[in-house]
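Notes for the one structure printed next.
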Amino acid sequence: MDSRIKTVVSGITPSGNMLHIGNYFGAIKPHLELQNEVEYAYYFIADLHALTTVKDKAVLENNIKNVILDYLALGLDPEKVVFFRQSQVESHSELAVILANYISYGQMQRMHAFKDKLQDGEVVENINMGLFNYPILMAADILLYKPYGVPVGEDQRQHIELARDIAENFNRIYNTEFFPLPIPMIDKKKEISKVVGTDGVRKMSKSLGNVIGIFDDEEVIRKQIMSCFTDPTRIKATDPGKVEGNPVFIFHDLLNDNLEEVQDLKDRYTKGEVGDVEVKEKLSNAHLRFFKDARAKRIILERDMELVMSILMNGKEKATNKSKETIDNIKEIIGLSTSI
Ligand code: ADP
Ligand code: TRP
């Protein structure tokens with residue numbers, strides 16, 4: 001990793017109750033690696049973003065708590081990372097209001113989240129403005145910390161490009177280099193930047209119901225794995241099967257630390273000498289081994305919510321200080337800093 005990297009920023013939206021392995025490999029794992037390599041890492045729970053879809057108070061509160069616990073259990077180190085809730089750092093909302101003035105309505109209409117809804121047949125009357133404005137709030141989340149880059153999965157690329165466009169517009173209008181242009185830090189391997197779902201077709205996503213969880217009950221995870229698509233052209237276990245692009249083997253490559261076992265399964269699968277059940281059972285076991293420590297840590301953490309809260313309070317304070325400084329500078333540049 002480039003030793004000059006100073007700051008990275010990223011967020012996870014608590015729109016669902018638990019993280020899945022797509023979130024882990026596409027976002028969380030790179031976040032955890034970066035925490036040891038950069039000078040400043042700002043990672044937050046994008047709870048304001050969750051409001052675009054979650055309108056039930058108890059559900060939202062529960063999602064937020066779970067995602068926080070998941071993140072910490074997976075290895076986020078609060079000594080190295082400024083870890084906080086977006087809604088508790090007011091500059092995020094304030095900068096979003098300001099930045100909306102530096103991007104056109106036309107460009108916003110081309111953003112995927114909005115466009116996909118229209119294409120799915122949703123009428124504009126039913127699309128809330130939070131969803132339409134989502135990328136502007138995300139640009140504010142990012143630009144507040146003036147980062148070098150933003151580690152995310154492939155699906156977030158367009159949002160980071162918008163943040164760059166907003167930053168460029170702002171810099172041009174005020175003839176300044178105030179905002180560095182953030183780089184999308186997305187893994188080059190598509191098996192990682194866009195982990196396929198158990199349907200073997202679309203990206204793994206909580207809204208598509210094609211996920212393999214991380215912290216769900218063992219039985220739930222086993223069922224998710226058992227429901228995985230494999231090689232659709234293979235009818236009997238004695239038919240030779242295809243390994244490449246087969247989701248079960250993509251997951252083996254990601255999760256199974258027993259490389260000999262994986263190679264043996266691949267060899268036998270290609271020759272038609274192993275059934276799907278054995279391949280999936282070994283995958284379930286590999287999953288449990290892979291996340292064993294994190295699962296144990298999560299149970300301990302959940303018993304100590306005071307510690308978790310103090311981590312978030314600390315993050316809130318640090319993020320508030322840093323982001324307030326940026327907002328003050330922006331107000332100075334645009335003409336909102338005088339006291340008259
Ligand atoms: P979801 O699509 O399940 O709602 P989020 O939008 O909350 O997931 O994504 C949180 C982070 O995880 C983002 O950085 C996103 O790019 C990444 N991510 C989500 N799904 C995947 C996936 N299938 N493969 C790789 N990264 C993913
Ligand atoms: N939109 C991101 C997601 O759904 C979450 C997010 C919000 C984010 N603000 C961010 C990610 C800023 C990176 C930087 O996954």
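Just so you know, all these numbers are worked out from the coordinates, no wet-lab data involved. The structure displayed is predicted, hence computed values, not measured ones. Neighbour counts are summed over all protein chains in view; Cβ atoms, including those assigned to glycine, are modelled from backbone coordinates with ideal geometry.
Things to note:
- Loop-located trypsin sites (Lys or Arg not before Pro) in region 274-340 (DSSP state other than H, G, I, E, B) with a sparse environment of at most 13 neighbouring Cβ atoms within 10 Å: ARG303.
- Listed from fewest to most Cβ neighbours within 10 Å, the set MET185, MET204, MET309 follows the order MET309, MET185, MET204.
- DSSP loop GluC sites (Glu not before Pro) with at most 15 other Cβ within 10 Å excluded, longest remaining stretch of the chain: 274-340
- Approximate spin-label separation VAL277-LYS223, in nm, with each point projected 7 Å along Cα-to-Cβ: 1.9 nm
- Kirkwood Rh in Å, taken over all unlike Cα pairs in region 67-171: 15.3 Å
- Amide H contacts under 5 Å for LYS203, placed H, 5+ residues apart: GLY197
- As a length-normalised measure over Cα pairs under 8 Å and 6 or more apart, the relative contact order of region 59-200 settles at 22 percent.
- Near the amide H of GLY241, within less than 5 Å, lie the amide hydrogens of THR270, LYS271, GLY272, all on another chain or at least 5 residues away, with H placed in the peptide plane.
- Whole-Hz couplings from phi, Karplus 6.51/-1.76/1.60, listed for region 319-331; x for Gly and Pro: 5, 4, 4, 5, 6, 5, 4, 5, 4, 4, 5, 5, 4
- As a calculated quantity, the FRET efficiency between ARG295 and ASN17 at R0 = 22 Å, using C-beta atoms, amounts to about 0.90.
- Note that the chain shows a convex hull volume over its alpha carbon atoms of 156 Å³ per residue.
- The long axis of helix 292-302 is offset from the longest Cα principal axis of the chain by roughly 50 degrees.
- Residues HIS112, HIS92, arranged from fewest to most other Cβ atoms within 10 angstrom of their Cβ, appear as HIS112, HIS92.
- Each of LYS271, LYS57, LYS206 was scored by other Cβ atoms within 10 Å of its Cβ. Arranged with the fewest first, they read LYS57, LYS271, LYS206.
- Spin-label model distance (nm) - ASN314 vs LYS6, 7 Å beyond Cα toward Cβ: 2.4 nm
- Across all Cα atoms of region 216-290, the radius of gyration (one decimal) and Dmax (whole number) stand at 11.6, 34 Å.
- Within the same chain, lysines fewer than 8 places from LYS280 are excluded, and of the rest, those with a Cα less than 20 Å from its Cα are LYS203, LYS223, LYS236, LYS242, LYS266, LYS271, LYS292.
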